[in-house]
Amino acid sequence: MTTERISEAGSRVHVLRDFALIADGERGAVVGPDGDIVWMCAPAWHDDAVFATLIGGAGTYRIMPTDRYTWGGSYEDGTLIWRGRWITTGSIIECHDALALPADPHRAVILRQIRAQSGPARLRVELQVAHGFGRRSMRQLHRDDQGRWTARSGDLRIRWTGAADARPLDGTLVLDVTLEPGDTHDLVLEISDEPLLDPVSPEHLWQATRTAWSGHIPSLTGTAAPRDARLAAAVLHGLTSSSGGMVAAATMSLPERAHRQRSYDYRYAWIRDQCYSGLAAQVAGLDGLFDDAVQFVQERVLSDGPKLKPAYRVDGGAVPDEKSLHLPGYPGGDDIRGNWVNSQFQLDALGEVLRLLSAAAAQNRLDADGWSAIQTVVASIRERWQQPDAGIWELGPDWWTQSRLACVAGLRQAAGVAAPSDAGVFAGLADAILAETTRTCLHPDGYWQRSPTRPGVDASLVWPAVNGALPANDPRTQATLRAVERDLAVDGYAYRYAADDLPLGEAEGAFLLCGFMLSLAYDQQGDREAAMRWFERNRAACGSPGLFTEEYDVTQRQLRGNLPQAFVHATFLQAACDLG
């Protein structure tokens, strides 16, 4: 006699390059090569996970061939519809995955369609919804007369359609699927914090989802890498909620460096990242994303004024402080929920806000509230630019050079769109900040150093010149670019700064954001060959699905940190457009 058991595939933990993301703006789900959804928070980004095996919790939704298989997959062009693909000894099987659009903030709808491309397909499907990062198993399991399963997990309502033959086993619903060549099988999972509406056919849901994606993403044929640029645009759409807030990444606690206490929760909207993405969206002609960023940022500015926080929940609420979930975590990482960002002041974000709002004004897309927000930000810069801040890398308080130069860039752009009376004031403040920064932060060798007391160079110091703080032919601009290439570049990748007196690559991975910044900096200098070299090298630092994380381990060729990292995709998109 044999005893049926739940598959042990979930005990394997895959490297980050193997994961894909499906997302609808309100939440995102991470899909692994075993057809397992290993991460999703519901109903919103900042809520508890219902699938948490990625960080050692419970809850998964797996569709996996029963025969030996190899794995692959790709996105439908210009979408976050994932087509997982398995080749077994006798068949080719695909599973199309998506979060349904248009999205409902209260209800996640996961669409999964299994297709037998050739040969007979035999698969095992397992569903275990476990709210509270795996602490609340499914209860009140019931199959209605239409074959639909309903259940509860915590306060969430669950409905699973297309699994009439599933059977409960150890708190999990298990379904065996056998398909003949050419057959398909649809599964629809709904998870909601409100009463569920009447079911909608899978055909209608798929059609609406594909139609929505086709309306979001333009062809981007004029870019340096159109297909990848469309994917980057889709990632930014998938991470942006109906409030306009865009999370920095879909995940939490994925380590940037093993056992170095560098695991963070990025399921929140950073003001800086939102500005980067909004400005990249403008360059790419993604007007909806651009307007979303402007609206979300100006609302936060008008609400909090000079006390603008570095990050918020996508609904505008406060980011919770860090705490442990008491889970094993992803190997090498911690199980940190929340973020310490609340205690920080990040001056550079004020400069980025001015760049975003000024870009909107230049296109006549800024309303009266937006102009009020510009005045508020300028007043905040005037009040606080001489105070220590955490800077772009969220470090200990210092007089970070990049933060001051970011404000110079923002003030110059604001001066370019303001009324003459304001333009002179804005430009004068920019000149004063630049003069003091030059006096205290220019290295004797002519490049910008990190701060008055830190003589090393920082890769982010090429960014303000790209954005208009100084001309491309300014000696300080050119000397900084040479110093970054000399001191922080290895094998075509850029590191943020020399950290911890360790060789580059031992303290942390290369920062892909910096690689694309360097591509744009060389393009500004008119060196297209160097710009394309940096662009292509860093474009390749992704996994099979094409997603970027924050860091890249050059030696091991592995992704590090949370995924997908929004500001990396945004800066890649901007570089792809500019180089095109």
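The values are calculated or read from the model by the stated rules, or taken from the named source; none is laboratory data. For clarity, every value in this text was computed on a predicted model and none was experimentally measured. Virtual Cβ from ideal backbone geometry, glycine too; neighbours counted across all protein chains shown. Calculation scope for accessible area: heavy atoms of the full protein, side chains included, ligands and nucleic acids excluded. Shrake-Rupley method; radii C 1.70, N 1.55, O 1.52, S 1.80 Å.
Quick test for you: out of D170, D176, D144, pick the one residue that is over 18 Å from L111 (Cβ atoms), modelled with pLDDT under 95 and exposed (fewer than 13 other Cβ atoms within 10 Å of the Cβ).
From the options D170, D176, D144, the qualifying one is D170.
Scan the strands (runs of 3 or more DSSP E) fully inside segment 163-255 and keep the ones with 2 or more residues being within 30 Å of H46 (Cβ to Cβ).
In segment 163-255, 172-179, 184-192 are the strands (runs of 3 or more DSSP E) which contain 2 or more residues that are within 30 Å of H46 (Cβ to Cβ).
Any residue at all in segment 225-233 that's hydrophobic (A, V, I, L, M, F, W, C), farther than 24 Å from D315 by Cα and surrounded by 24 or more Cβ atoms within 10 Å (Cβ to Cβ)?
yes
Taking segment 153-167 only, how many residues are within 34 Å of the chain's Cα centre (by Cα) and either more than 30 Å from P105 (Cβ to Cβ) or open to solvent by less than 40 Å² (accessible area, probe 1.4 Å) (or both)?
9
When you go through N473, N467 one by one, which is the residue that is in contact (Cβ under 8 Å) with a residue 60 or more places away in the chain and either surrounded by fewer than 24 Cβ atoms within 10 Å (Cβ to Cβ) or out of contact with any helix residue (DSSP H, G or I) (no Cβ under 9 Å at 6 or more places or on another chain) (or both)?
On inspection, the qualifying residue turns out to be N467.
Could you identify the single residue in A494, A510, A498 that is out of contact with any Leu (no Cβ under 7 Å at 6 or more places or on another chain), more than 17 Å from G580 (Cβ to Cβ) and hydrophobic (A, V, I, L, M, F, W, C)?
That would be A510, the only listed residue that is out of contact with any Leu (no Cβ under 7 Å at 6 or more places or on another chain), more than 17 Å from G580 (Cβ to Cβ) and hydrophobic (A, V, I, L, M, F, W, C).
Taking the condition open to solvent by less than 10 Å² (accessible area, probe 1.4 Å), aliphatic (A, V, I, L, M), under 25 Å from V466 (Cβ atoms) and touching a Gly at 6+ places or on another chain (Cβ under 8 Å), does V377 pass?
Yes; evaluated as a whole, the condition is true for this residue.
Among the residues of segment 487-511, count how many are within 17 Å of R454 (Cα to Cα) and either surrounded by fewer than 16 Cβ atoms within 10 Å (Cβ to Cβ) or acidic (D, E) (or both).
Qualifying residue count, segment 487-511: 5.
Taking the condition of being of a type outside the set (D, E, K, R) and surrounded by 15 or more Cβ atoms within 10 Å (Cβ to Cβ), how many residues in segment 303-331 meet it?
Residues meeting the conditions: 12.
Suppose the filter is part of a loop (DSSP other than H, G, I, E, B) and touching a Gly at 6+ places or on another chain (Cβ under 6 Å); does P320 pass it?
yes
Just to be sure before I move on: is D334 in contact with a Ser or Thr (Cβ under 7 Å, 6 or more places away or on another chain) and open to solvent by 10 Å² or more (accessible area, probe 1.4 Å) in the structure I sent?
In short, yes.
The conditions are (1) surrounded by 17 or more Cβ atoms within 10 Å (Cβ to Cβ); (2) touching a Cys at 6+ places or on another chain (Cβ under 7 Å), and P452 fails exactly one of them. Which is it?
(1)
Given the structure, is G370 in contact with a His (Cβ under 7 Å, 6 or more places away or on another chain), surrounded by fewer than 24 Cβ atoms within 10 Å (Cβ to Cβ) and over 25 Å from V235 (Cα atoms)?
no
Being charged (D, E, K, R), assigned to a loop (DSSP other than H, G, I, E, B) and closer than 26 Å to G391 by Cβ is true for just one of D487, D523, D501. Which residue is that?
Only one candidate passes the filter, namely D501.
How many residues, within segment 32-85, are touching a residue at least 40 places away in the same chain (Cβ under 8 Å), hydroxyl-bearing (S, T, Y) and surrounded by fewer than 20 Cβ atoms within 10 Å (Cβ to Cβ)?
Selection size over segment 32-85: 2.
Condition test on T440, is it of a type in the set (V, I, T) and open to solvent by less than 10 Å² (accessible area, probe 1.4 Å)?
Against the criterion (of a type in the set (V, I, T) and open to solvent by less than 10 Å² (accessible area, probe 1.4 Å)), T440 does not qualify.
Would you tally the residues in segment 185-198 being farther than 20 Å from L173 by Cα and either touching a Cys at 6+ places or on another chain (Cβ under 9 Å) or not hydrophobic (A, V, I, L, M, F, W, C) (or both)?
The qualifying residues number 4.
Quick check on segment 287-302. Is at least one of its residues polar (S, T, N, Q), closer than 21 Å to Q375 by Cα and touching an Asp or Glu at 6+ places or on another chain (Cβ under 7 Å)?
Scanning segment 287-302, I find at least one residue that is polar (S, T, N, Q), closer than 21 Å to Q375 by Cα and touching an Asp or Glu at 6+ places or on another chain (Cβ under 7 Å), so the answer is yes.
Has segment 267-284 got any residue that is buried (at least 24 other Cβ atoms within 10 Å of the Cβ) and part of a loop (DSSP other than H, G, I, E, B)?
There is at least one residue in segment 267-284 that is buried (at least 24 other Cβ atoms within 10 Å of the Cβ) and part of a loop (DSSP other than H, G, I, E, B).
Just to be sure, is G182 surrounded by fewer than 23 Cβ atoms within 10 Å (Cβ to Cβ) and touching a helix residue (DSSP H, G or I) at 6+ places or on another chain (Cβ under 8 Å)?
no
Sort through S219, S214 and tell me the only one that's more than 13 Å from W160 (Cα to Cα) and open to solvent by less than 70 Å² (accessible area, probe 1.4 Å).
From the options S219, S214, the qualifying one is S219.
When you check L411 against the structure, is it farther than 21 Å from A318 by Cα, in contact (Cβ under 8 Å) with a residue 24 or more places away in the chain and either more than 26 Å from the chain's Cα centre (by Cα) or surrounded by fewer than 22 Cβ atoms within 10 Å (Cβ to Cβ) (or both), yes or no?
yes
Conditions (1) without any contact (Cβ under 8 Å) to a residue 60 or more places away in the chain; (2) in a loop (DSSP other than H, G, I, E, B); (3) among the basic types (K, R); (4) under 18 Å from I271 (Cα atoms), marked per residue:
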position: L356; (1), (2), (3), (4): no, no, no, yes
position: A360; (1), (2), (3), (4): no, no, no, yes
position: I374; (1), (2), (3), (4): yes, no, no, yes
position: L395; (1), (2), (3), (4): yes, yes, no, yes
position: R404; (1), (2), (3), (4): yes, no, yes, yes
position: A415; (1), (2), (3), (4): yes, no, no, no
position: A423; (1), (2), (3), (4): yes, no, no, no
